[in-house]
1. Net charge near Gly51: determine it from the other residues with C-beta under 13 Å of the C-beta of Gly51, scoring Lys and Arg +1 and Asp and Glu -1.
2. Could you check the spin-label model distance between Ala45 and Lys77? Points 7 Å from the Cα along Cα→Cβ, value in nm.
3. Within the stretch 60-83, name every residue whose backbone N is under 17 Å away from a label modeled 7 Å from Cα of Asn107 along the Cβ vector.
4. For the stretch 79-119, run through the chymotrypsin sites (Phe, Trp or Tyr not before Pro) and keep only the ones in DSSP coil with at most 13 other Cβ atoms within 10 Å of their Cβ.
5. Could you derive backbone 3J(HN,Hα) for the stretch 65-72 from the dihedral phi with the Karplus parameters 6.51, -1.76 and 1.60 (θ = phi - 60°), listing whole Hz in sequence and x where the residue is Gly or Pro?
6. Once you have the Cα-Cα distance between Thr63 and Val93, take 0.36 nm times their residue separation minus that, and quote the gain in nm to one decimal.
7. Net charge near Val34: determine it from the other residues with C-beta under 11 Å of the C-beta of Val34, scoring Lys and Arg +1 and Asp and Glu -1.
8. Quick one: net charge of Ser61's neighbours, Cβ under 9 Å, K/R +1, D/E -1?
Amino acid sequence: MARAKKTTTAQELSSGAAAAGRQDGRFYHWEGDVLIVNILGTPSARMDKIGKPKDKQLKVSVTADPVGGKATDHMVKFLAREFGVRVSDVEVVFGRMSVNKQLRIANPTKFPRAFKLGK
């Protein structure tokens, strides 16, 4: 029998200890309804994948090559699907041409496993 996938809600993430994201060393924090995420990107990967947090960044691998920002564009599309938002709801704050990025995700409706509460 298939196991139901546990999803975390925005309210759960933004309440309690999770709301202190910036202060306690997490890779994300909230500004109102906008989720701010620090990313360590890996272009030219075998598959699109959200990995584990590393220090104050979330590892994200994408299949696109790092040519002219194509890997970042691909990552934005991939993460929009993962967070249940439109592509236009994901903004690259900095790092378009770098592996170190910061993204703003407006009103996310789904959350990948790395965003589980408590750690």
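1. That sum, taken over residues with Cβ under 13 Å, equals +3.
2. For Ala45 paired with Lys77, the spin-label model returns 1.6 nm.
3. Only 80-83 pass the distance filter.
4. The qualifying sites: there are none.
5. In residue order, the calculated couplings are 7, x, 10, x, x, 5, 5, 5 Hz.
6. In short, 8.7 nm is gained.
7. -3
8. Residues near Ser61 contribute +2 overall.
All of the numbers you see were taken from the coordinates with simple rules; none came from a lab. Fair warning: this is a prediction, and the values are worked out from it, not measured in the lab. Here Cβ is always computed from backbone atoms with ideal geometry, including for glycine, and neighbour counts include all displayed protein chains.
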